[in-house]
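What follows is calculated from the coordinates using simple rules that are stated; it is not laboratory data. Please read all numbers here as calculations on a predicted model, not as lab measurements. Note that we place each Cβ from the backbone using ideal geometry, even for glycine, and neighbour counts take in every protein chain shown.
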């Protein structure tokens, strides 16, 4: 990793010294000597430099039985974060405690650490996804001009919580390329624009709700970003067009799972194919299926994916069932209709998609009220919409519903 480390400190050298001190103290614990089971941390990814497994975790998740079960299942050795957490199945400490007992920074590990993530829980209880440990230390990464990362480029601005996979991925990529990462501690659209200008940021990632916040507030940096990544949820065309008007033709969307990015699309392609999430990455093959049978081009079905060999758990593994429904057009562009883990959810997902495409709609939720025979008498309101543009929140620290 480069010397410019991600941290909410005024001085980068102080930040680096603090993080090295934490690593030195952590390595002095025999049970945490790398390679080791992960340490659970709410934000800093510096543990990877010293060979630790890293489990970025939402503080609210530790308050629930599910979160504590994840720590047990992963054999997490330590939780490093703010105090006040409930009893956990591992040792707990804080950054300050580690720094007070720290010392000279250790040498970086011969092999880099590895990442573990908790899924969002859209298909049930959150699950742990353990990424393979790289065979070598982090010493660089391939970049393209589109990435706006590396020596000579401005920082990457990290606005969403670190425990979001979509947030940490671009930030780590920028770090490995040699860029600084600026971490926004508390979300507001105004503060986001101010930080971008203060640090002359070239890239950022925003989830659709924060993208909508910025659009509603009409806050954009005076110095434009070179690229704005977004993903993690459906982004209605009305919101995306407004975001393009606000930030310029620099939006870059990607669609994927906890295991891998599947497709990506830049602004120019999206304007020609509004609503699409792009074409598959090289080495990725998308299959649209209905009842486990392939369907013709343009027909809706479940999105199944043959991942790149590097992302497969075992060579030649079966296609991954995403639980999403969508279609691929004749040009190879994928459109995601919505989530449908069971056949009865296909209808509501298609209705959501149709409404989401209407002008002025920022988001929509179709709520099932049961079958025709079991539905209670009286009118129902299965669709939640609002005037253009309706507010759907945007606090980066809020707990998901």
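Arrange the following residues from fewest to most other Cβ atoms within 10 Å of their Cβ: 235, 90. Ordered from fewest to most neighbouring Cβ atoms within 10 Å, 235, 90 come out as 90, 235.
This ranking places 119, 204, 162 by how few other beta-carbon atoms lie within 10 Å of each, fewest first, which gives 119, 162, 204. Among 93, 167, a tally of other beta-carbon atoms within 10 Å of each Cβ gives an order, fewest to most, of 93, 167. Indicate the gyration tensor shape class of segment 303-345 (rounded, prolate or oblate), computed on the Cα atoms with a ≥ b ≥ c the square roots of the eigenvalues: a/c under 1.5 is rounded; otherwise a/b larger than b/c is prolate and the rest oblate. It is oblate, given that a/c is not under 1.5 and a/b is not larger than b/c. Using a basic spin-label model with each label point 7 Å from the Cα along Cα→Cβ, how many nm lie between residue 297 and residue 314? Between residue 297 and residue 314, the label points sit 3.5 nm apart. Classify segment 206-299 from the C-alpha gyration tensor, please: rounded if a/c falls under 1.5, else prolate or oblate depending on whether a/b exceeds b/c. Here segment 206-299 falls in the prolate category. Which residues does a label at residue 146 reach in segment 311-340, if reach means a backbone N under 15 Å from a point 7 Å past the Cα toward the Cβ? Under cut-off, by backbone N: 333-334. Treating r as the C-beta distance of residue 129 and residue 350 and R0 as 41 Å, the FRET efficiency rounds to 0.90.
One chain, two ends: residue 285 and residue 185. Fully extended at 0.36 nm per residue, the span grows by 32.2 nm beyond their Cα-Cα distance. Across segment 135-291, the relative contact order, built from alpha-carbon pairs under 8 Å that are at least six residues apart, equals 17 percent.
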